[in-house]
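The values are calculated or read from the model by the stated rules, or taken from the named source; none is laboratory data. In this text the structure is predicted, and so the values were computed from the model without any measurement. A quick note on method: Cβ atoms are made from the backbone with ideal geometry, for glycine too, and the neighbour counts reach across all protein chains shown.
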Amino acid sequence: MKNLPLPQLLPFLSLLILFSGKIHSHAQSTKNQKDKIKIHELEEYQVESTLHPVLPEDMTVASSILTGDSLHLRQSSTLGETLSWEPGVNSTYHGPGASRPVIRGFDGDRIRILKSGVDSLDVSNTSPDHAVSVEPLLVERIEVLRGSATLLYGSSAIGGTVNVIGKEIPSKLPGTKMEGDFEVSYGSVAQERTAVLSTGGAAKSLAWHVGALYRQSDDVEIPGFPNKVAMEGERSGILPNSAIETKSGSAGFAWFWEKGSAGLAISGLDSLYGVPGDEVDEPIRIELDQLRFDFRAELLDPLSFLESVKVRGSIADYEHVEEEGGEVGTRFLTNGFETRIEALHKPIGANDMEGAFGLQLRQTDLKAEGEEAFLPPSDTFNWALFLVEKIEKDGWSWDGGFRLENQEISAADSPGKIDHSGVSASTGFVLKPNENYRIALSVAYSQRIPTAQELLANGPHAATQAFELGDSSLNVEEALGLDFSLRKIEGNITGSINLFYNDFKNFIFLERTSGRMDDLPVFNYRALEAEFYGAEMEASIHILHEKGKHLHMDLLLDFVRATNSELDSPLPRIPPLRFGGRLRYEMPKLRAGVEIRTVDSQKRTAAFESQTGGYTFLNADITYSIQGWPGFTKNLEFFVIGTNLANEEARNHVSFIKDQAPLPGRNVKIGFRTRF
């Protein structure tokens, strides 16, 4: 074992720590020593991104849930940064205005971003400087499913799924005529001012909700210079062109009756943000506008063999304008829809097998106009049929699924339609040897259909500093994925360790060549063989657990290794090893925490890719609650959240602009929220 590299060795050491003998907590010393303390840390919330809500420990794939206090602590201006410290999740960080989640080294179209179970219907998967059209501060919860066994949502979920569950369409009748939340905050690192309002209520069988947000910030403060090698005349301490201004709002309602419900919502997002790090004469600012309509309906017991039928869908109109020196340079226009119909059947057979079958339809019309319109106008239509089944027994459970998918792309520069079909299948088991442990194993075969960008790109792309060339002859991407998870759900130590392996055939990859066009290096989309493997560990040591007082130590570790199997060489922008710990103390009116997050250096790099150094962040937070004003507010919470308190220079290896744009420096965020 002494010859194993550190990333391969640490998960096994962590496994020994996580599932070692019991720790005698202070709570045990003050209570009856014979009483066994059971702490259900992992059972607090159920995962809703499944056909039947299920506890995280009973899933065949690894999952994370951010909601309540944990969501408030991590909420940022982008979805990627909000999730960037979840196990196995990094971000593309293209400044504070645009950042998309990266799961286990997979990004772009291999990660499916959903808004309440339906596609985000934006162009964030085409470029890292394109923001996800989801506002993290207006959501109720975020669910992350890691791994390829996510057939419910499509072949583009081959690396994982992020489901952002909003409040636009109420999922149940509130108990009052009106209730809500209001929050204001200020962040020092960019002079960020934010205000959020979320309110709703019920009138008989009708529930309604209204939400609104406003955010404005200046350029981000950083330690040192923006460029890794300081340029002549460059100003230190500021990341130029990183200011943002965002306005978002939504309104929706839902009608409930004995045998079902139906709801409709309208939402809008208007965001203006700078794109730091682009090597152009004039700074680029992006103005993003999206108008979106969502609908949802559910019928209970519609037929004798069906438990329910659910219909969800969205229609969106999206515009994205890239301004250079105040002049319009490139404009992206897209409109489209996605609809999902899911029919849950009643238990069948001797094993009471539960499951569902369904249909998914998606259509998008994309146009890019201007100097950097590297994509021709295209219309993409995708349909899929899926079947998911599950058997639940006392000591074990099994689930499996099958998906058939087809995609047609009609492009302006192509004489005919580009047609691809793909099939995917998965199966998995969860063993329950006792009330304390779960052992999960899943196997998935997935076929991902190539995107219009991978097939048709032909032009300069400033965000990636590349002249991109697609290949219309690319075929479907094939992957075999294996996931193993060991989870401890009760006792003085709880947590999990996940091991994963993915073997790819026709892995579609943007490869740099030696050529140059328009003074940019040429990158070709090509297919090769690749493999990804790694591990994730999270654990909570419950030091103190007695009435009104709780003290926990949370530990996290993850790493991924990705290789071009044909050349036995590294793939680019793969996250380095990360580990950290957080000590958190909780009382009825007070919550406080301090954490250390360490990111290792990344020296295993692809051709033409620069290395990045390691860094450590010191973070801390405190929240204090007081009684609200009777008849007006239920409670008031005052909070202070500090990140990178040591003001350390840090560069995200996953980011395309890591050498031109470091992560923010010391930030102190103060604010209050109230519930009324």
Is it true that some residue in region 331-339 is farther than 20 Å from residue 131 by Cα, over 27 Å from the mean Cα position of the chain (by Cα) and modelled with pLDDT of 95 or more? no
Any idea how many residues of region 139-186 are among the polar types (S, T, N, Q) and in a strand (DSSP E or B)? 3
Testing residue 422 on (1) within 30 Å of residue 608 (Cα to Cα); (2) of a type outside the set (S, T, N, Q); (3) in contact with a helix residue (DSSP H, G or I) (Cβ under 6 Å, 6 or more places away or on another chain), one condition comes back false. Which one is that? (1)
Being outside any loop (DSSP other than H, G, I, E, B) and of a type outside the set (D, E, K, R) is the filter; apply it to region 595-617 and report the residue that is farthest from residue 556 (Cα to Cα). 612
Can you find even one residue in region 195-213 that is under 18 Å from residue 99 (Cα atoms), surrounded by fewer than 21 Cβ atoms within 10 Å (Cβ to Cβ) and either modelled with pLDDT of 95 or more or over 26 Å from the mean Cα position of the chain (by Cα) (or both)? no
Here is a check on your reading of the model: is residue 566 touching an Asp or Glu at 6+ places or on another chain (Cβ under 6 Å), part of a loop (DSSP other than H, G, I, E, B) and charged (D, E, K, R)? yes
Output the number of the condition that residue 636 fails; it satisfies all remaining conditions of (1) surrounded by 14 or more Cβ atoms within 10 Å (Cβ to Cβ); (2) closer than 22 Å to residue 572 by Cα. (2)
Write out, first by first residue and then by second, each pair whose Cβ atoms fall under 6 Å of each other, whose residues are 6+ apart or on separate chains, and whose first residue, in region 393-421, is free of Cβ contacts under 8 Å to residues at least 12 places away in the same chain while the second is among the polar types (S, T, N, Q) and part of a strand (DSSP E or B). 417/410
Of the residues that make up region 516-527, is at least one under 30 Å from residue 441 (Cβ atoms), out of contact with any Phe, Trp or Tyr (no Cβ under 6 Å at 6 or more places or on another chain) and modelled with pLDDT of 90 or more? yes
Test for residue 238: is it under 23 Å from the mean Cα position of the chain (by Cα) and among the β-branched types (Val, Ile, Thr): no
In the set 395, 401, which member is in contact with a strand residue (DSSP E or B) (Cβ under 9 Å, 6 or more places away or on another chain) and crowded, with 16+ Cβ neighbours inside 10 Å? 401
Select, from 497, 508, the only residue that is farther than 17 Å from residue 159 by Cβ and either within 25 Å of the chain's Cα centre (by Cα) or among the hydrophobic types (A, V, I, L, M, F, W, C) (or both). 497
Of everything in region 569-594, what is farther than 16 Å from residue 639 by Cβ, in a loop (DSSP other than H, G, I, E, B) and of a type in the set (A, V, I, L, M)? Give them in sequence order. 571, 574, 577
Test: residue 126 is in a loop (DSSP other than H, G, I, E, B), of a type in the set (Ser, Thr, Tyr), under 28 Å from residue 293 (Cα atoms) and in contact with a helix residue (DSSP H, G or I) (Cβ under 8 Å, 6 or more places away or on another chain): yes
Among the residues listed as 137, 173, the single one being surrounded by fewer than 24 Cβ atoms within 10 Å (Cβ to Cβ) and farther than 30 Å from residue 559 by Cα: 173
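Tell me, which residue of region 618-644 that is β-branched (Val, Ile, Thr) and assigned to a strand (DSSP E or B) is farthest from residue 190 (Cα to Cα)?
626
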Can you go through 460, 415 and tell me which one is in a loop (DSSP other than H, G, I, E, B) and either under 30 Å from residue 515 (Cα atoms) or modelled with pLDDT under 90 (or both)? 415
What residue, among those in region 164-211 that are touching a helix residue (DSSP H, G or I) at 6+ places or on another chain (Cβ under 9 Å) and of a type in the set (Asp, Glu), is nearest to residue 74 (Cα to Cα)? 183
Conditions (1) crowded, with 22+ Cβ neighbours inside 10 Å; (2) within 26 Å of residue 409 (Cβ to Cβ); (3) out of contact with any His (no Cβ under 8 Å at 6 or more places or on another chain); number of the one not met by residue 467: (3)
Of all residues making up region 591-635, the number that are out of contact with any helix residue (DSSP H, G or I) (no Cβ under 7 Å at 6 or more places or on another chain) and under 30 Å from residue 179 (Cα atoms): 16
